[in-house]
1. Pick out which of Ala39, Ala92, Ala126 has the largest mean-square fluctuation in a Gaussian network model of the chain, springs linking Cα atoms closer than 10 Å.
2. If Lys and Arg each add +1 and Asp and Glu each add -1, what is the summed charge of the other residues whose beta carbon sits under 13 Å from the beta carbon of Gly107?
3. Among the lysines, which have Cα under 24 Å from the Cα of Lys17 when same-chain residues fewer than 8 positions away are ignored?
4. Tally Lys/Arg at +1 and Asp/Glu at -1 over every other residue whose Cβ is under 10 Å from the Cβ of Phe45; what's the total?
5. Leaving out same-chain residues fewer than 8 places away, which aspartates and glutamates sit with a Cα under 13 Å from that of Lys142?
6. Suppose only helical runs count, i.e. DSSP H with n ≥ 4. What mean residue ellipticity at 222 nm does that imply for the chain under -39500 (n - 2.57) per run, divided by all residues and rounded to the nearest 500 deg cm²/dmol?
7. What per residue convex hull volume, in Å³, comes out for region 1-110 when only alpha-carbon positions are used?
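Bear in mind that the values in this text are calculations on the coordinates, not laboratory data. As the structure is a prediction and not an experimental result, all values here were calculated from the model. No Cβ is skipped: glycine too gets one built from the backbone with ideal geometry, and neighbour counts run over all protein chains shown.
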Amino acid sequence: MKIGIAADHGGFALKEKLKAILQNHYTIRDYGAGVYNAADDYPDFVYPLAKAVSNGEIERGVAICGSGIGACIVANKVPGVRAALINESYSAHQGVEHDDMNIICLGARVIGDTYAEELVNTFLKATYSGEGRHERRLNKLKNIEIKYKP
Ligand code: RB5
């Protein structure tokens, strides 16, 4: 599975750690930041990651900032992205199984590195169930996106 990862300064250290671990099992594309810069802005990295998920360049994404909130807000601006801030393991898999979540957002200042790794692994191993009721809900969501297409 091809996955992408992105973080601002708030999530930079965690991104580097997760990347090193995930590289052993997945093809990873890093959308930045490439170096730690305390003055950088999360949209500059999370937007390219979200676009890559949206256009199918990568299948799943990991977006990290200090709280995970900014990353999540930016990612969800891109049509086709279903991103969520995840702090516990039930939602890390249920978000994929029911909602076809394709980007996990993490707050590096909120959760520990080891737990972040566990949440990402849970997210990446989960698969969308495709059950009728979930398809119906996803289609409703897609119809909302269509209404806002330029
Ligand atoms: C950066 O200091 C911080 O505001 C950012 O990483 C994030 O937490 C925003 O949601």
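1. For the chain, modelled as a Gaussian network with Cα springs under 10 Å, the answer is Ala39.
2. Values: positive: Lys15, Arg109; negative: Asp8, Glu88, Asp113.
Around Gly107, the charge tally is -1.
3. Qualifying lysines at Cα under 24 Å: Lys2, Lys51, Lys125.
4. -4
5. Asp99, Asp100
6. -14500 deg cm²/dmol
7. Value for region 1-110: 88 Å³ per residue.
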